[in-house]
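Here the structure comes first, spelled out in structure tokens, and everything after it is commentary.
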Amino acid sequence: MFGVPYDDTELLGKYVTRGRAWPAVGLAMHLANGAAFGALYANAAPRMPLPSWSRGPAAAMAEHLGSWPFVAITDRTHPARDELPKLAGDPRAFAQATWRHLLFGVVLGELERRFNAPEQPEVPTYEHVVSTNGHGNIEHAAGVAVADSE
């Protein structure tokens, strides 16, 4: 989509091995990284002072923006640097990584929200505005409070 032959699995796998096993190794490392991030996120999300829909994307973007500067080091020191595209300074590679992290964050946030939802969601009660006949409370609708007579 962005025209960049950049693949996290290849980047990770070829860091460990240059043989035929790099795809499996890279996939395992990438899944382990995602699972570790997900576990940390699940513990931190309830304490994040953000609306629930924005927590996953915010966490993923924070990780992405915090780790992206390290691609300059990867471009110079990665064992397979001659086989990998240069990422530092490439706006298309940055946009691709941003899109992937944002998508991961949206999915992660939604999964966490659904799996860690309260068992009994709070159901609003309407007894104070609905009468027993189902037509409502005229005092509440008119904004007039009726004083209790003793």
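Rule-based calculations on the coordinates, nothing more; no lab input. None of these values were measured; they are calculated from a predicted model. Quick reminder, even Gly has a Cβ in these numbers, built from the backbone with ideal geometry, and neighbours come from all protein chains shown.
Here are the numbers:
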| quantity | calculated |
| --- | --- |
| Among (1) touching a residue at least 12 places away in the same chain (Cβ under 8 Å); (2) under 15 Å from the mean Cα position of the chain (by Cα); (3) closer than 13 Å to HIS101 by Cβ, the one test that LEU65 misses | (1) |
| Residues being farther than 20 Å from GLY105 by Cβ and hydroxyl-bearing (Ser, Thr, Tyr) - total across segment 8-47 | 2 |
| Positions within segment 32-44 being within 30 Å of GLU10 (Cβ to Cβ) and within 15 Å of the chain's Cα centre (by Cα), in sequence order | ASN33, GLY34, ALA35, ALA36, PHE37, GLY38, ALA39, LEU40, TYR41, ALA42, ALA44 |
| Long-range neighbours under 7 Å by Cβ, at least six apart or interchain, first residue closer than 16 Å to PRO57 by Cα within segment 22-42, second not in a helix (DSSP H, G or I) | ALA42/ASN116 |
| Residue count for segment 2-31, restricted to those that are polar (S, T, N, Q) and over 20 Å from the mean Cα position of the chain (by Cα) | 1 |
